[in-house]
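The values are calculated or read from the model by the stated rules, or taken from the named source; none is laboratory data. Worth saying up front: this structure is predicted, and the values here are computed from it rather than measured. Cβ atoms come from the backbone with ideal geometry, glycine included; neighbour counts cover every protein chain shown.
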Amino acid sequence: MNEQRLLNIKEAARFLRIPESRIKDLVKTGKLDAYQIGGMYLRFKQEHLQEFKSRQGRFSPPRSHQTKQSRLSYKQSFLFDNVKDFIYFNDFYLLAALIIIALLFIILRNIS
């Protein structure tokens, strides 16, 4: 099975070299294909973004035009998005683990 990684809004905006607000507008108007994950997170296939980019006839500037600060903030926001997605999709398991740890602490404290 050929599994592709889906891009989030920030990654899509960076790929297309347009603001995130414009990405959201394009999705609302149906000009750009997107997937909703968990009912609230938009994700994009890179091939759909590439098709949109070629339809628009835009050429992205070379990467050297980006500042070091913008690349750093992109990496930080990417990490934050990954953590936020992980917590959102695994909240039940995290809560269950915390309850188990608390119960073990109470039981082991009472044994001593």
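Here is a list: Leu42, Leu94. Which entry is within 17 Å of the chain's Cα centre (by Cα) and at pLDDT 60 or above?
Matching residue, one of Leu42, Leu94: Leu42.
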Qualifying positions in the stretch 12-30 - out of contact with any Lys or Arg (no Cβ under 9 Å at 6 or more places or on another chain) and either of a type outside the set (A, V, I, L, M) or over 16 Å from Glu51 (Cβ atoms) (or both): Arg14, Pro19, Ser21, Arg22, Lys24, Lys28, Thr29, Gly30
The stretch 11-43, residues that are assigned to a loop (DSSP other than H, G, I, E, B) and in contact with a strand residue (DSSP E or B) (Cβ under 8 Å, 6 or more places away or on another chain): Leu32, Asp33, Ala34
